[in-house]
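The values are calculated or read from the model by the stated rules, or taken from the named source; none is laboratory data. In this text, all values refer to a predicted model and were calculated from it rather than measured experimentally. Using ideal geometry, Cβ is built from the backbone for each residue, glycine included, and neighbour counts are taken over all protein chains shown.
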């Protein structure tokens, strides 16, 4: 005979999913509570003896927790009816409502996706905000969603200073730190902040995410900043539920990893118990606000109902473990506090629970009837705003003549009064001009200050404008671009420098996943105006290899909403920079300015000493039209060469040989703007010429050339004789071998000969 093993699932729960079981658990816990209730406390008295949380605060926090829970339960039910499109829930993390209560609605917040209770609680701080309806609209992907306009389920709110993220892992931590640094930095340069001067930045994430390289970069940069006694009031909130989807975090790992980390001040709080955890959360928040130091709040949470609706934990987690986790549900403890304190009876708790459920379902049904995005134009509307007349006016604005004279040292030393100069000097002059024009502009990166950059392009800027506006950062591109976003969030105009294009790839997601997506996922409510300068492309002699001769422009061209400009000569660089700054200032655009390294010092074009690549500095009221190309020999119609960057002087030299060999007149088109490409201009030039060459130093499989060819074909010109001259599909080697893998003038001449052979 064998003993009968008790069935861990009561008969009434068989056939239920885990969400339904958690729902039933709460109701049965409340009905079955038989503790001794205390005398009801006054509203401002501790909810339980010894607690820092008063009774009024507890009741509001409890309601926020219930709102969050029922939004989760509603999503699980209505997802199968196609009325809701997101099921990553906040269940088990409802203790983050304490962080919302103890901070201000003007403290910029960058939230973990399990932040339903935080949002419900923060919504109390401003009248007229309905967190249930707002959340329901977001769950339903309605275009009336006040956060993203139906583009994604995000926690976000313009009036509540919650900057929206999508399903981030840890990529929002650097910009949260950047925002904290910007709060303090703005005061030092006299910039008016849109939030109170003693604000802090809040950033929440999971225990598993704390291990991500991007998170570690933010923690390191925060400690690096604090070590130098620079204020950085960021509150990192690690919501530790012990698991990342199905990968367990080792017991004690988060505390071991962060509790003794120098210059990252550690606090721990129980997020499962409002009465017990409130004081520790309060201490962390007050410490961060008072000391202006990076603060790490380790908040104990749990995760019930799985990672999302598609995560069937019973398939990989034992039933005993699931039951133990569900027994730690923070709502059970909150119900017990409500009952033990005498604030609520069992019937009152259940009435509130069911009333909250009804509110969530009513809101969801109403949201389902609201319109959704139905056209491509609606979807893309906030992605890449462009106000042509306003941008033109701003780019050409010249109302800082007196400041400009101070910067350059008098009328005789103005750059437009000097002899023609090469690219690096003209970029330098343009930066001095722009810093005189925009007092909110900041330039930072590796080696940009006293040294003036690797190629001295920023030489003299720090001397002219001071270390508060031009400064070095630690050697980490993720931090540089995170800081840029933080400054942009608070109305400054950053010009971060990435030392080489290859280094951008280390931190690409800060632009692709964060900066360039913010206007899209906030429906245009938030923006990250910046002009990212990158020393770029190949053909550098005597120094290089892959990391210093990088032709991977495609990584930038794949980023929706990004503007990419690439000048080949000094006057174009100056006028393009003015337009890029105007695009950032007026339309909040994220811009990349690619500076061809090999052309920085180029002076000659056809022969040594001819000075053919020196240009005069354009007066400050001149700017380049967005998308406008530069055309050499516009009257030529035998052959058109489309190119950019290093390809421009190469193509001009090759054009002479082609004209001598074939008698053709060659038109060279410097596209200058690589994203978006000016497809109408490409089609116009292609239509006017008999033959087409595309010269692209990017790789054959991934460059700019494919976009040019596509524009030609889609314009109905695919039958025109056409050749591409492109780089090889390889990394760039060192020394002279580098020139074997990128286009040469001989390659351009040979491609023209191939076109001649076909007529």
Which of the residues spanning region 380-389 are surrounded by 14 or more Cβ atoms within 10 Å (Cβ to Cβ) and in a helix (DSSP H, G or I)?
380
Residues of region 424-480 satisfying the condition of being free of Cβ contacts under 8 Å to residues at least 12 places away in the same chain and at negative phi:
451, 463
State the number of residues belonging to region 89-104 that are under 18 Å from residue 23 (Cβ atoms), part of a loop (DSSP other than H, G, I, E, B) and in contact (Cβ under 8 Å) with a residue 40 or more places away in the chain.
4
Among what's in region 199-214 and is without any contact (Cβ under 8 Å) to a residue 60 or more places away in the chain and under 20 Å from residue 285 (Cα atoms), pick the residue that is nearest to the chain's Cα centre (by Cα).
210
Kindly indicate whether residue 695 is modelled with pLDDT of 95 or more, surrounded by 24 or more Cβ atoms within 10 Å (Cβ to Cβ) and either farther than 19 Å from residue 568 by Cα or in the same structural domain as residue 720 (by TED's automatic domain parsing) (or both).
yes
Identify, please: which residue in region 629-650 is touching a helix residue (DSSP H, G or I) at 6+ places or on another chain (Cβ under 8 Å) and assigned to a loop (DSSP other than H, G, I, E, B) and is, among those, nearest to residue 758 (Cα to Cα)?
638
Residue check, residue 348 under 30 Å from residue 675 (Cβ atoms), in contact with a helix residue (DSSP H, G or I) (Cβ under 9 Å, 6 or more places away or on another chain) and surrounded by fewer than 18 Cβ atoms within 10 Å (Cβ to Cβ)
no
Filter region 553-588 for residues that are in a loop (DSSP other than H, G, I, E, B) and within 25 Å of residue 613 (Cα to Cα); the one that is modelled with the lowest pLDDT is 553
Checking 747, 696 in turn, the sole residue that is touching a residue at least 12 places away in the same chain (Cβ under 8 Å) and in contact with a helix residue (DSSP H, G or I) (Cβ under 8 Å, 6 or more places away or on another chain) turns out to be 696
Among the candidates 541, 527, 533, which residue alone is surrounded by fewer than 21 Cβ atoms within 10 Å (Cβ to Cβ) and over 30 Å from residue 162 (Cβ atoms)?
541
When you scan region 390-405, do you find a residue that is without any contact (Cβ under 8 Å) to a residue 40 or more places away in the chain, in the same structural domain as residue 439 (by TED's automatic domain parsing) and at positive phi, even just one?
no
If you check 269, 275, which single one turns out to be surrounded by fewer than 24 Cβ atoms within 10 Å (Cβ to Cβ), assigned to a strand (DSSP E or B), in the same structural domain as residue 186 (by TED's automatic domain parsing) and more than 27 Å from the chain's Cα centre (by Cα)?
269
Lone qualifier among 321, 326 - being part of a helix (DSSP H, G or I), over 32 Å from the mean Cα position of the chain (by Cα) and farther than 28 Å from residue 133 by Cα
321
Residue 332 fails exactly one of (1) outside any loop (DSSP other than H, G, I, E, B); (2) over 34 Å from the mean Cα position of the chain (by Cα); (3) farther than 30 Å from residue 85 by Cβ; (4) modelled with pLDDT of 95 or more, namely (3)
Restricting to region 185-198, give me the number of residues that are at negative phi and more than 21 Å from the chain's Cα centre (by Cα).
8
Answer with yes or no whether residue 346 is in the same structural domain as residue 18 (by TED's automatic domain parsing), over 30 Å from residue 533 (Cβ atoms), touching a strand residue (DSSP E or B) at 6+ places or on another chain (Cβ under 8 Å) and touching a residue at least 40 places away in the same chain (Cβ under 8 Å).
no
Collect the residues in region 486-513 that are out of contact with any strand residue (DSSP E or B) (no Cβ under 9 Å at 6 or more places or on another chain) and either assigned to a strand (DSSP E or B) or at positive phi (or both), keeping them in residue-number order.
491
Which residues, taken from region 616-634, are more than 34 Å from the chain's Cα centre (by Cα) and buried (at least 19 other Cβ atoms within 10 Å of the Cβ)?
617
Can you tell me which residue within region 719-742, out of those that are part of a loop (DSSP other than H, G, I, E, B) and touching a helix residue (DSSP H, G or I) at 6+ places or on another chain (Cβ under 7 Å), is modelled with the lowest pLDDT?
732
Apart from one, (1) in a loop (DSSP other than H, G, I, E, B); (2) modelled with pLDDT of 95 or more; (3) in contact with a helix residue (DSSP H, G or I) (Cβ under 8 Å, 6 or more places away or on another chain) all hold for residue 262; the odd one out is (2)
Would you check if there is a residue in region 438-451 being farther than 30 Å from residue 405 by Cβ and surrounded by fewer than 22 Cβ atoms within 10 Å (Cβ to Cβ)?
yes
Can you spot a residue in region 291-298 that is surrounded by fewer than 21 Cβ atoms within 10 Å (Cβ to Cβ) and within 30 Å of the chain's Cα centre (by Cα)?
yes
Hey, residue 368 modelled with pLDDT under 95 and surrounded by 17 or more Cβ atoms within 10 Å (Cβ to Cβ) or not:
yes
